[in-house]
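Read through the structure below, which is laid out as structure tokens, and then see the notes.
The values are calculated or read from the model by the stated rules, or taken from the named source; none is laboratory data. Bear in mind the structure is a predicted one, so any value in this text is a computation, not a measurement. As a convention, Cβ positions derive from the backbone with ideal geometry for all residues, glycine included, and neighbour counts pool all protein chains shown.
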Amino acid sequence: MTEALVINLKYMIMEENNYSDDQYGRARVQDSPELIAYYKELETLGAGALWTVANDIEPWEPRSSSVPMLWKYNDLRDLVLKSSELVTPEQAGRRVVYLVNDKRKDVSAAVGWLYTGIQVTRPGESTSAHRHRASALRFIMEGENGYTVVDGNKIMLEVNDFVITPNSTWHEHGVEEGGKTCIWQDGLDIPLVNALEANDYAVYDGKQPLTAPLNFSPMTYAGAGLIPADKTWDKPYSPLFKYSWKNVYPALLEAQKVNEVNPFDGIFMQYSNPLTGGHVMQTMGAAMQLLPAGFKGKAHKHTGSFVYQCAKGKGFTIINGKRFDWKERDIFCVPSWAWHEHHNLSETEDACLFNFNDLPVIEGLGLFQGRELTENNGHQQI
């Protein structure tokens, strides 16, 4: 969540409601032979009676069809690497093992309307340049001398770097000869864009030409609060395509020195567009949070789906009363409106969680709401 949303949670505790559907204002029509015949007559015309579905399509509270899930990197890594022995980038287009929610297999989503997967590229390999209406992001998990090219900007990648490839930008990825096999997490809004029936895909004819010096985007826009005064940027996404871990982690440590630790999320910092301070892309946001040594987060829930990866340390997250233990490179998801609390298992070292989410959509449509757990001193019963 953004800092403003975290702060506002304390003011957004929902009033207690009578959630019984047996009350005035809710649909409570009893079937009769005449009504059943009426419904069938409507069905022949591609119509229906709202009161037969109203209580299902307008729930008392937000309701997610996703379930919490944890994907252990140690279980997946060998299979991810095995894919590089079985298919080539030329054959697969993108060599990815995707992670799918048990309840979202029909739309290939990890949670809500978000997709994620783990991609592997060997030294000397590269994908074809392509573009799609869906937005995409990467979080680098391992390897050396990997790179991405976004609209002619070639950018070198390091472990724990966060990279964006906004919608409709030409992009390709690879690993230089002499590098080490790279593995990264992909995140895309493919399920959302498909649900809106707005997706498309195109392949570049050959390799896209490099139109800027190496690492132009991060070297131009990642300065210490500085932006170029002689350049204009009129696109709806960040001009900074790579957010380097070597800058992000020190920033978290500095913020920890002068800020009160949030009881729910520790030190929570949003990746932002340096020109606007807003989200990096129109449909997906991302953040990094630091859980101090011994941190025992309190539970809250809010609208918005989240996919997490542990970038540093180890700990566990309790989601709707179930404990999920994670360590570096493990990936897990928190569905919208699910109670969750994060805990750092170390008493001496901090832990860091990367996440990407659909908050730009939720916020933009005025759909954000949240609630804090007040029972049991703010902690869930397992």
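Overview of results
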| read-out | value |
| --- | --- |
| Considering residues of segment 256-275 that are over 15 Å from LEU353 (Cβ atoms) and free of Cβ contacts under 8 Å to residues at least 24 places away in the same chain only, the residue surrounded by the most Cβ atoms within 10 Å (Cβ to Cβ) | ASN259 |
| Cross-chain or 6+ apart pairs with Cβ under 6 Å, segment 19-41 first and surrounded by 10 or more Cβ atoms within 10 Å (Cβ to Cβ), then part of a loop (DSSP other than H, G, I, E, B) and not small (Gly, Ala, Ser) | TYR19/TRP60; ARG28/ASP22 |
| Candidate set: segment 227-248, residues that are farther than 17 Å from ASP161 by Cβ and of a type in the set (Ser, Thr, Tyr); chosen: the one modelled with the highest pLDDT | TYR237 |
| Selected residue (only one of ASN344, ASN377 is under 18 Å from ARG323 (Cα atoms), over 17 Å from the mean Cα position of the chain (by Cα), at pLDDT 95 or above and exposed (fewer than 14 other Cβ atoms within 10 Å of the Cβ)) | ASN377 |
| Any hit, segment 54-77, residues being among the hydroxyl-bearing types (Ser, Thr, Tyr) and at pLDDT below 95 | no |
| Filter result (acidic (Asp, Glu) and either touching a residue at least 60 places away in the same chain (Cβ under 8 Å) or closer than 19 Å to THR303 by Cα (or both)) within segment 326-382 | GLU328, ASP330, GLU341, ASP350, ASP358, GLU363, GLU372 |
| Single unsatisfied condition, ILE164 versus (1) in a loop (DSSP other than H, G, I, E, B); (2) among the aliphatic types (A, V, I, L, M); (3) assigned by TED's automatic domain parsing to the domain that holds TYR98 | (1) |
| Residue in segment 133-146 that is within 28 Å of PRO250 (Cβ to Cβ) and not in a strand (DSSP E or B) present | yes |
